[in-house]
Amino acid sequence: GSGRSRVAVSVDGNPLLGLADPYLAGARAVTEAARNVACVGGRPAAVTDCLNFGNPEVPEVFRQFREAVRGVGDACRGLTLHARGVEPLPVVSGNVSFYNQSAKGRTAAPSPIVACVGNVSDVSHCRSMHFKQAGNRLYLVGLPNDRMQASLAREVGLAVGEDLPPGLELEAVRAEIDAVCSLHEAGLVQSAHDVSDGGLAVCVAEMALGLEGQGCLGADLAMPRPCAHLTPREFLYNERGGFVVEAKRANAGRIERILDAAGARWAALGAVTDGDVLTLRDAAGVPVCAAALDELELAWREGLTRLLATRDLPDPADRRLPAPGPDGEAFVAPALATGAAPRIAVLQLPGMNCEDESARALAAAGAAPEIFRWTRSARELAVFDGFLVPGGFSYQDRVRAGAVAAKDPLIAALLDAAAAGKPILGICNGCQVLIEAGLVPGREPGRLEVALAPNRYPGRRGYFTRWIVLERAEGTRSRFLSGLPVSLPLPIAHAEGRFTHEDPDHFGVLAAEGLLALRYAGTDADGRGPANPNGSLLAAAALTNPAGNVLAMMPHPERAAWLFQVPEDLNHPWGRRRRAATGDGATLRGDGPGMALLRRLVELC
């Protein structure tokens, strides 16, 4: 072939439908998984399944299982193997999971899950599901009906449609899949998304919201005349299935000929707009409803938060997004001395695991901390006075520690906050993230200037943890270190904490410019000696930026915030203080050596 062929894989299933009709649940798991691969031009080639049911010794459960298997088989015969004409779509493997029930015998919902693999002939024609350009046309391939049983709309309590499950129109589904794949193969698709859970409303909302951290595009939709008999709710929330396809207006003729040739039922749906609203009109063109994209985005991001509300994250209804600046982006307002405790955002990206203890320590230091999870909009960071990026293993430390997290929109917002003078403290993995994002050393903000490499120490490699002693680097610009003790013991726990550069003299330049903040104490002037735990150039333990308001450090001050956290055998004045406090609970709950840095973060806000 051309070398551009690929495979597409998707998994789908619907336990809600399993409760209503196990046969349809099995069949539609196949059709929905097949639609998913078709969204990127993959022609279904094979499926595998995982059939999850309760106790098969119960006759009703075994009936559900038998019906689901029959549904999977009928759907595979009805869709056929697109790659080779009319052969049934093969089920190449699978497994069955029985006895899924609670200790009291309550059976799990019948859940046939199907994975589909599809052949993509030319990967260069694959497109993401997000809207691409205002003015592009939208097509609805596959038309909804009024059957609403087992839909998400019914599940959340909407009174809508007939109390019947969606039908199974295998010939129509096959034609729709063939049509969308043909459009991809002709290079005519700008984006495509399947209509499934939540119906057209969820489909179009996901297409409109765009990639995280990037701009959103709206849409102006009109109910097609073949759907005029439906109510707006039925039109928006029906889960019969189908596709929404975005294409350039200039290609309308070619697109419509391909849709007709495939035998698919389709209709013009509307157009992409550069506004921030999704609008629906009825068949006569009268506006029926409109939804603001920022409200949809917030509802999507905060869905789990509303269910799992915690003490550190107020209900979304109580929060307000900052007003956009003149360029359309949220501006970073300067911190104001109001007499209230400064608000400090403790960022939590996937894999970070030190956010709770960091927030507790900041609260003890006089701040009003809030754990700010990655599911929230970066625009909300503008209201905070300071920031802490904690330790952990963000995004599993893929590529390099902190490299993937540095691309997160939340970290991009910190560049603006740093430029506005707000204090930012990065600890361990947070330090790695700030380095990768170019916040420190920050000679060219946003550019990666130094590296944090795997530890290198004679006779030892990899992860290392112990208590070390830090000293302030001579001439440092860091505002965090003003007034701090000359000698500061803290724990380290990392595998990639070696500050380095391809030019061994580069750290000398950074030190001369005041960008070296903390060093491991007990080393020589070049940073050599057994007190350097990881081989960092110049025994560097922390760097700052030219303004001094960003500190990226590998040691953990939050793990030494209270005296009781200090080891009794620590060979340092703090160790003697800890031994003297043995049995004195009040003294042990007093400040540890790390609290001074955290209080300094609060003071800088």
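Applying the selection to the range 573-592, what residues are crowded, with 19+ Cβ neighbours inside 10 Å and over 16 Å from S358 (Cβ atoms)?
W574, R578
For the range 522-531, state whether one or more residues are in the same structural domain as G438 (by TED's automatic domain parsing), more than 17 Å from V550 (Cα to Cα) and at pLDDT 90 or above. No: the range 522-531 contains no residue that is in the same structural domain as G438 (by TED's automatic domain parsing), more than 17 Å from V550 (Cα to Cα) and at pLDDT 90 or above. Please work out if L269 is part of a helix (DSSP H, G or I) and either touching a residue at least 40 places away in the same chain (Cβ under 8 Å) or among the aliphatic types (A, V, I, L, M) (or both). Criteria not met by L269. Of everything in the range 83-96, what is loosely packed, with under 13 Cβ neighbours inside 10 Å, outside any loop (DSSP other than H, G, I, E, B) and not hydrophobic (A, V, I, L, M, F, W, C)? Give them in sequence order. The answer is R84, S93, N95. Select from the range 286-322 the residues that are exposed (fewer than 13 other Cβ atoms within 10 Å of the Cβ) and at pLDDT 90 or above and write down the one among them that is nearest to A359 (Cα to Cα). Ranking the candidates gives P287 first. Given the structure, is R147 surrounded by 15 or more Cβ atoms within 10 Å (Cβ to Cβ), of a type in the set (K, R) and touching a Cys at 6+ places or on another chain (Cβ under 7 Å)? No: the conditions fail for R147. Looking only at the range 115-131, filter to residues that are part of a strand (DSSP E or B) and of a type in the set (V, I, T); which one of those is farthest from R6 (Cα to Cα)? Result: V117. Scanning the range 481-507 for residues that are without any contact (Cβ under 8 Å) to a residue 60 or more places away in the chain, exposed (fewer than 15 other Cβ atoms within 10 Å of the Cβ) and farther than 15 Å from Y520 by Cα turns up E502, D503, P504, D505. If you go through the range 431-464 and keep only what is modelled with pLDDT of 90 or more and polar (S, T, N, Q), you end up with just Q432. Among the residues making up the range 467-480, a single one is acidic (D, E) and loosely packed, with under 15 Cβ neighbours inside 10 Å: E474. Looking only at residues in the range 8-37 that are farther than 18 Å from R174 by Cβ, crowded, with 22+ Cβ neighbours inside 10 Å and in contact with a Leu (Cβ under 8 Å, 6 or more places away or on another chain), the one that is modelled with the lowest pLDDT is L17. When every residue of the range 363-380 is checked against the conditions, none turns out to be touching a residue at least 12 places away in the same chain (Cβ under 8 Å), buried (at least 24 other Cβ atoms within 10 Å of the Cβ) and at positive phi.
When the range 431-463 is filtered for residues that are in contact with a strand residue (DSSP E or B) (Cβ under 7 Å, 6 or more places away or on another chain), not in a loop (DSSP other than H, G, I, E, B) and either not charged (D, E, K, R) or not assigned by TED's automatic domain parsing to the domain that holds L543 (or both), the ones remaining, listed by number, are C431, Q432, V433, L434, I435, A451, L452, A453.
The values are calculated or read from the model by the stated rules, or taken from the named source; none is laboratory data. Everything numeric here is computed off the predicted structure, so don't read it as measured data. Cβ: placed from backbone, ideal geometry, glycine included. Neighbour counts: every protein chain shown.
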